[in-house]
1. Picking from A:Glu155, A:Glu141, which residue would you name as being more than 9 Å from chain B (Cβ to nearest Cβ), touching a residue at least 12 places away in the same chain (Cβ under 8 Å) and acidic (Asp, Glu)?
2. With the condition kept exactly as written, say whether any residue in the range A:112-128 is more than 10 Å from every other protein chain (Cβ to nearest Cβ), out of contact with any Gly (no Cβ under 7 Å at 6 or more places or on another chain) and in a loop (DSSP other than H, G, I, E, B).
3. Conditions: (1) surrounded by 14 or more Cβ atoms within 10 Å (Cβ to Cβ); (2) assigned to a helix (DSSP H, G or I); (3) within 15 Å of the chain's Cα centre (by Cα). B:Pro204 meets all but one. Number of the miss?
4. List, please: which pairs have Cβ atoms under 6 Å, are six or more places apart or on different chains, and start with a residue in the range A:187-207 that is aliphatic (A, V, I, L, M) and end with one that is surrounded by fewer than 17 Cβ atoms within 10 Å (Cβ to Cβ)?
5. Can you find, within the range B:210-224, the residue that is farthest from B:Ile169 (Cα to Cα) among those that are without any contact (Cβ under 8 Å) to a residue 24 or more places away in the chain and surrounded by fewer than 12 Cβ atoms within 10 Å (Cβ to Cβ)?
6. Given the residues B:Glu139, B:Glu130, which is the only one that is modelled with pLDDT of 95 or more and either away from chain A (no Cβ under 14 Å) or closer than 16 Å to B:Ala163 by Cα (or both)?
7. Scan the range B:1-26 and report the pairs whose first residue is not assigned by TED's automatic domain parsing to the domain that holds B:Lys65 and modelled with pLDDT under 95 and whose second residue is basic (Lys, Arg) and assigned to a helix (DSSP H, G or I), with Cβ atoms within less than 9 Å and a gap of 6+ or a chain change.
8. Would you check which residues across the range B:27-37 are surrounded by fewer than 20 Cβ atoms within 10 Å (Cβ to Cβ) and either over 15 Å from the mean Cα position of the chain (by Cα) or outside the structural domain of B:Ile74 (by TED's automatic domain parsing) (or both) and list them?
Amino acid sequence: MRNSSLVHKFSWVFSDPVTMADKVVLLDTWASMFGMRVRIALAEKGVQYEYKEEDLRNKSPLLLQMNPIHKKIPVLIHNGKPLCESAIIVQYIDDVWSDKAPLMPSDPYERAQARFWVDYIDKKVYDTWRKMWRSKGEEHEERKQEFISIFKQLEETLSDKAYYGGDKFGFLDIGLVPFYSWFYTFETYGNFKMEAECPKLVAWAKRCMQREAVSTSLPDEKVVYDYVVAMKKRIDSEK
Amino acid sequence: MAKDYGEVKLFGVVGSPFVRRVQIALELKGVKYTFIEEDLKNKSDLLLKYNPIHKKVPVLVHNGKPLAESLVIIEYIDEIWRNHPFLPQEPYDRALARFWSKFIDEKCLPPISKASFTACKEERDKGTEESLEALEFLENELKHKFFGGETIGIVDIAAGFIAFWLPAIEEAVGLKILTHEKFPKLSKWSEEYTNHVVVKENLPQRDKVVGFFKARYASIINASK
């Protein structure tokens, strides 16, 4: 389920690999929050790369070769060497292209906290969303409350800062903001409004969307919703 | 002895592989710390204050500032105390070290648990198959004396569970996963790691660990009847 205008949206990142010293390829799918993290990091650093859209129901030989263990996207291929796991890839990007736009906090304790919270997001958000999405009745209500409380916790962690990085946009902001493109989907399936539950978080997300690296990396939330609706129909019909 | 960068406290329990990871990290660097034993059935107010999110051990408190999650803590320790580095300098190797540490927690530990602490044969078989698959990847990754090269690194510290706790579980529940035949390199590494001069002083007593797992397994079997 692909939107070709989105492929065009990312076409500005296509470059001629022959003339470049660094060859960077990103294996991804347009709706993946984890892939978006990597896109944002590369854009913040101004790194030219080739974007390759994967069909997760028909994974390419390249993906299976580059990520034989998890067989997942995103995979960053830097001069032929693969990197997997979005949080690890973003830290790698920060390490390699260290001359511009530092993504990790400069203080070690703040860095550890950022890693802790990205780990929290990874452990909690997507799993709880899937359980909420696939459940009905009382179980759905419980999952929904659990889901909202995760975002309330993340909002509390932000407190009154402009970004999670303080006055600087950084690793934890990158870790969370891609989920903003899924808010409409979450809200519609969960029957709640993120703005009502977590107004500060929504304000933070909109602030992040002012950054070109973020706005060019996230798809439109309605397009995401249509994709999820189609996916659910397909899953339900395959039962 | 490591440089003094202030007060370090470690909240934990002696039997936990995750707590021991952090303890081994501190000991390898020669960092002075106070170990505060927790009762997990009756968690202290201090622990709940320092780790309100997960309410688990280990928690490291450095100059009053708390940190949770063993791998996050180890990276922090590595950044403050620069002797005996646990992560490589080179960015790609760093990324690989992080990848394999995460792999151990996400792909090795869960199927080992699934295979061990169940009364259901199907679960045990499936868990065993997944564990063997995961350990095969680790076996192929081991190219030197340790995952960290000639010295212990973060992947070795993370894999301590496989070196010490897995054989104890196997004995307790009657499972065979980490065998010399299937995993010659990993088996040899296990011996090197658990006999390392610092590591061996910071592991729990084996018979206590086996006893703990035996009791846990027995209660699962009883519950299933």
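The values are calculated or read from the model by the stated rules, or taken from the named source; none is laboratory data. Bear in mind the structure is a predicted one, so any value in this text is a computation, not a measurement. With ideal geometry, Cβ positions are generated from the backbone for all residues, glycine too; neighbour counts draw on all protein chains shown.
1. On the way: A:Glu141 fails: touching a residue at least 12 places away in the same chain (Cβ under 8 Å).
After applying the criteria, what remains is A:Glu155.
2. Let us first name the residues in the range A:112-128 that are more than 10 Å from every other protein chain (Cβ to nearest Cβ), namely A:121, A:125-128.
This time we only want the ones that are out of contact with any Gly (no Cβ under 7 Å at 6 or more places or on another chain), so: A:125-128.
Then drop every residue that is not in a loop (DSSP other than H, G, I, E, B), which leaves none.
No: zero hits.
3. Checking B:Pro204 against (1) surrounded by 14 or more Cβ atoms within 10 Å (Cβ to Cβ); (2) assigned to a helix (DSSP H, G or I); (3) within 15 Å of the chain's Cα centre (by Cα), the one that fails is (2).
4. Hits for this filter: A:Val202/A:Glu195.
5. Top of the filtered list is B:Asn222.
6. Working: B:Glu130 fails: either away from chain A (no Cβ under 14 Å) or closer than 16 Å to B:Ala163 by Cα (or both).
Every option except B:Glu139 fails the conditions.
7. Correct list of pairs: B:Ala2/B:Lys29.
8. Narrowing the range B:27-37 to residues surrounded by fewer than 20 Cβ atoms within 10 Å (Cβ to Cβ): B:27, B:30, B:32-37.
Within the range B:27-37, B:Gly30, B:Lys32, B:Tyr33, B:Thr34, B:Phe35, B:Ile36, B:Glu37 meet the criteria.
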